[in-house]
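Take a look at the structure below.
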Amino acid sequence: MKRFFCALTALCVLMASVCTVWGAEDAAPLSISSPSAVLMHPSGTVLYEKDAHRPLPPASVTKVMTLLLIMEAIEAGRLSYDDVVTASAHASSMGGSQIWLKEGEQFTVSEMIKCIAVASANDCAVAMAEHIAGSEEAFVEAMNRRAQELGMQNTHFVNACGLDAEGHVSTAYDIALMSAELIKHKKIFEYTTIWQDTIRDGAFTLTNTNRLIRTCEGMTGLKTGSTSVAGFCLSATAERDGLELIAVVMKAENSAKRSADITAMLNYGFANFVGVTPTPDRPLMPVPVVLGKKPSVELALEPVQTMVLEKTLAGNIEKVIELEESLPAPVSQGQTVGTMTVMSGDRVLQSVNIVAAEDVPFTGFWGVFLQMLRGVCMRSGGET
């Protein structure tokens, strides 16, 4: 037997964001000049796309994957922000954007990340690749493995920095996927939001290649790229009032059009969508446990995924909670005892498990005997 109860009132919007002067009711239609673009919520929900699966050279947006592998190595304990990295002859030979590393020159991992994120330093990206994997080639193999794990089906990396190379391609959609993974490491924003800084004791100035850091409210990163072959690319992340969005353009004609397209997509997204984290409308009541050392078990909701919805739909949310009527002992912490289904009309938006928040062991033979005895005594005491 199960018990059901439904909360039919509208879900209170917990996280919403409006980025610019447009309101949802008067938002202008999107007009994107870049041949490939996508607007995505970090959950993977695509809000807008234009030929987003077309493989194109990604230029230095490649470094999103390089930075991701660096952050993951730090999280795994294989790398520390204070570790010292020594530039090799190969790393110091990189062209394009760079800080002019000299062979044998040393920087900490933190300084290297700053140079990669702010100044798009190719030499630092390769130095970090070699430091982590032993060689750039081995690091690139790791980049491609991670890309496959993330579902980046149309991406193939040839180098760690994004210099033009035969077969070095990605897509706007794939770039959004790896960007979503990178921004799970919130510390990366401490680097990508830097406008200007210095290295070498103030002798060398770094200026962020992402000019939108200064002009678009809520901009948090993430990585620019441009070459004669790739054109102008950008994976931009922005957040306001709890709603995060990722906008990617590839092969824009120039930096001005790149910025205009990114801004237009973010304006559209923040004006027309809201982020929603559904929660039960009332506390979850304990479920009785038969023959348990406790008479009932407390409940918990598994992590709820923030959803992004059109503003016109956000007020039409229904949460249906379904729970077991009772549970036989023993009950294990984390055991599924029900679900919360989030719906909009007939459409299921999300289903979240409700689980036991604690262990409730079986009471044992003597516990059963005592329970029976108490029951008998209570019935006897009630007779006249």
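The values are calculated or read from the model by the stated rules, or taken from the named source; none is laboratory data. Model, not experiment: these values are computed from the prediction. Every residue, glycine among them, receives a Cβ derived from its backbone with ideal geometry; neighbour counts consider all protein chains shown.
Worth pointing out:
- Annotation note: Cβ proximity below 9 Å between a residue of the range 343-357 that is touching a residue at least 24 places away in the same chain (Cβ under 8 Å) and over 18 Å from Glu325 (Cβ atoms) and a residue that is part of a strand (DSSP E or B) and among the acidic types (Asp, Glu) (sequence gap 6+ or interchain) occurs for Met343/Glu318; Ser344/Glu318; Gly345/Glu318.
- Subset tally (residues that are within 22 Å of the chain's Cα centre (by Cα) and free of Cβ contacts under 8 Å to residues at least 12 places away in the same chain) for the range 121-172: 3
- Residue ID - surrounded by the fewest Cβ atoms within 10 Å (Cβ to Cβ), chosen from residues in the range 214-229 that are within 23 Å of the chain's Cα centre (by Cα) and hydroxyl-bearing (Ser, Thr, Tyr): Thr220
- Filter pass, Glu190 being out of contact with any His (no Cβ under 9 Å at 6 or more places or on another chain), free of Cβ contacts under 8 Å to residues at least 40 places away in the same chain and part of a helix (DSSP H, G or I): yes
- Helices (runs of 4 or more DSSP H) wholly inside the range 73-151 that include at least 3 residues being touching a Cys at 6+ places or on another chain (Cβ under 9 Å): 109-119, 122-133
- For the range 104-120, a residue qualifies if it is of a type in the set (D, E, K, R) and touching a residue at least 24 places away in the same chain (Cβ under 8 Å), and the qualifying residues are Glu111, Lys114.
- Residues of the range 312-329 that are at pLDDT below 85 and of a type outside the set (Gly, Ala, Ser): Thr312, Leu313, Asn316.
- Scan the range 105-137 for residues that are more than 11 Å from Ala160 (Cα to Cα), in contact with a helix residue (DSSP H, G or I) (Cβ under 7 Å, 6 or more places away or on another chain) and among the charged types (D, E, K, R) and the total you get is 1.
- Top-ranked residue in the range 230-275 [being modelled with pLDDT under 95 and touching a helix residue (DSSP H, G or I) at 6+ places or on another chain (Cβ under 6 Å); ranked as surrounded by the most Cβ atoms within 10 Å (Cβ to Cβ)]: Val274
Here's the yes/no breakdown for (1) more than 18 Å from Ala142 (Cβ to Cβ); (2) surrounded by fewer than 16 Cβ atoms within 10 Å (Cβ to Cβ):
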position	(1), (2)
Glu75	no, yes
Leu79	no, no
Val85	no, no
Gly95	yes, yes
Gln98	yes, no
Leu101	yes, no
Glu105	yes, no
Val109	no, no
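- Screening Thr224, Thr237, Thr198 for residues that are over 21 Å from Met143 (Cβ atoms) and among the β-branched types (Val, Ile, Thr) leaves exactly one candidate, Thr198.
- Pro288 fulfils the conditions (1) assigned to a strand (DSSP E or B); (2) in contact with a Ser or Thr (Cβ under 7 Å, 6 or more places away or on another chain); (3) in contact (Cβ under 8 Å) with a residue 40 or more places away in the chain except for a single criterion, (3).
- Among the residues making up the range 345-383, a single one is within 41 Å of the chain's Cα centre (by Cα) and modelled with pLDDT under 85: Gly345.
- Unique residue being in a strand (DSSP E or B), in contact with a Phe, Trp or Tyr (Cβ under 8 Å, 6 or more places away or on another chain) and touching a residue at least 40 places away in the same chain (Cβ under 8 Å) when the list is Lys223, Lys251: Lys251
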